[in-house]
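Trainee: Sharing a structure below in structure tokens format, with a few things to ask.
We did not get these values from a lab; they are worked out from the coordinates using the rules stated. Given the structure is predicted, the values throughout are model-derived calculations rather than measurements. Note that we place each Cβ from the backbone using ideal geometry, even for glycine, and neighbour counts take in every protein chain shown.
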Amino acid sequence: RNGLLQALLHRCVEGSLPKGTINDVAKEFQVTRQTVSRLWRRAKESINGPESTGVMDVSSRMHKCGRKRKELDLDGRLPEIPLNRRGTVRSAASALNIPPSSFHRAFKRGEGRVHTSAVKPFLTEDNRTGICTFDS
């Protein structure tokens with residue numbers, strides 16, 4: 001799209017295209033004339049239209065389709081859960097009354113954070129010193 005728009009802008013004379021430009025660009029990029037014409041019209045509308053931003057926007061509209069995501073509000077609800085119920089994805093999801101798969105997808109998007117202890121309380125002193133000597 002941007003390549004098409006750059007080719008059209010390169011051939012543009014005082015805001016309009018000379019005769020035959022759309023056909024030439026369509027042959028150059030191996031697309032139909034209607035595709036180039038539609039792109040040029042969208043670019044002009046993005047500058048001169050009622051909701052114009054002053055920038056030629058010919059980006060794809062594909063990301064606006066499909067099923068809309070449920071609002072889980074993990075950042076507000078997760079801190080209210082006790083720390084011992086936030087240790088795993090499964091326990092945190094059951095405390096929030098949502099499926100673990102939904103919680104996991106939201107967690108991967110960075111919406112929430114499960115709690116795990118950095119200190120391992122179940123290790124004995126001998127095991128801790130063994131781990132420390134093994135690391136060094």
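Trainee: Want the number for His10 to Ser101: 0.36 nm per residue separation, take away the alpha-carbon distance, what's left?
Mentor: 27.8 nm
Trainee: Moving on to the next point. Please work out the FRET efficiency for the pair Gln30 and Glu111, using the Cβ-Cβ distance as r and a Förster radius of 35 Å; give the result to the nearest 0.05.
Mentor: Efficiency for this residue pair is about 0.25.
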